[in-house]
Amino acid sequence: MTDNYRGSGDADSAQQHPTQGFQGQGYQGQGFQGSAYPPPPSYGPTVPVGGTATAHRRARRPVALLAAVAIAAAVVGGGTAALVGNYTGGGTDSIGTTVSGTTVSQSSAGTVAGVAQAVSPAIVEINATSTSGEATGSGVIITSDGEIVTNNHVIAGASSIKVQLSTGKTYTAQVVGTDADKDLALIKLEGASGLKTATLGNSDQVKVGDQVVAIGSPEGLTGTVTSGIISALNRDVTVAKDQDQDQQQQPQRGGGNWPFEFGGQQFNGDTGSSKTTYKALQTDASLNPGNSGGALINMNGEIIGINSAMYAPSSASATGGSDAGSVGLGFAIPVNTVKSDLSALRSGGTD
């Protein structure tokens, strides 16, 4: 190691000129007081005590090298941030369907208030009128020109559909497509534009215990926000199809019935003879009649499910009781089911 640092030429120069390198032309002469760029000295640089010229030169190189690395890191860092933004923003998911919408601000992420503020403008109240009466449900805006996802049982058999936004503005809507087997429907507002939309998340990433927020219009109370957790995954839930609209629509007006089957038992009344079963997310977030078709949302403000069924114990008995309302047994259709069905719904097809 000593031979590498003590070359004879540099060492001799250092011994012969112990001070000239700092006080001569290179530092106090023309270099600093004359022209802006000093000419190179006619002799080798002086050596610090106990070192060599070679060591001195090597000691100075890392400064420039570090500066270059810092600049390169800044450029790469900016590029990486852009790539991360491209791949994580806008609701892109493994299924390939992209539905971009309002997101929770960084300062409010992870709070119920932040989720509610960001997503509530994309949740609507749906009033469907049929020969059986009126049904009140909810829906989720997924395009700025008024495409709305809801449950099939909310609008099935309806002769007219009115939709109220969170602002109070009301539109008439038409059915675009329905899928009774998945209890999903797509409706479209007439003459709408510039609406705030929701971001569809990825329900395959949902875990038991994840915090969630539900937004809908229970009993016609527009924009009601509740919160809870994911209680279970892949629950087999059975609901009535559109042929049993009379059983679905009339009670939703305020009675509390919301018929479905789970675990071989019927809840909230009779689901009828025509029904369908799907895998659902279970949540203890409070759901009540009118939440049907509304959003179940993660703490990043992404829709992870469409609320579709809940258990109200008083309606399961003939006499009813004072314990009406949600008891923390609610179910939602996973959003990945919605996304995989969107193209079929948009084409008007029914499965």
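The values are calculated or read from the model by the stated rules, or taken from the named source; none is laboratory data. These figures come from a predicted structure and were not determined experimentally. With ideal geometry, Cβ positions are generated from the backbone for all residues, glycine too; neighbour counts draw on all protein chains shown. Side chains included, ligands, DNA and RNA excluded: accessible areas come from the protein's heavy atoms. Shrake-Rupley method; radii C 1.70, N 1.55, O 1.52, S 1.80 Å.
Brief remarks follow.
- Estimated vicinal HN-Hα couplings, Hz - the range 162-172 in sequence order (Karplus 6.51, -1.76, 1.60; Gly, Pro = x): 10, 10, 10, 7, 5, 7, x, 5, 10, 10, 8
- Estimated inter-spin distance, residue 347 and residue 181, nm [label 7 Å along Cα→Cβ]: 1.4
- Those residues of the range 114-135 whose amide nitrogen sits under 19 Å from the label point placed on residue 270, 7 Å along Cα→Cβ: 132-133
- 5 angstrom amide H check on residue 294, placed H, neighbours 5+ away: 138, 307
- Kirkwood hydrodynamic radius (C-alpha pairs) into Stokes-Einstein, the range 135-252, 37 °C and 0.692 mPa s, D in µm²/s: 210
- Cα-projected label distance for residue 160 with residue 207, points at 7 Å along beta-carbon direction, nm: 5.0
- Accessible area per residue (1.4 Å probe, heavy atoms of protein chains only) ranks 311, 171 as 311, 171, with the largest value leading.
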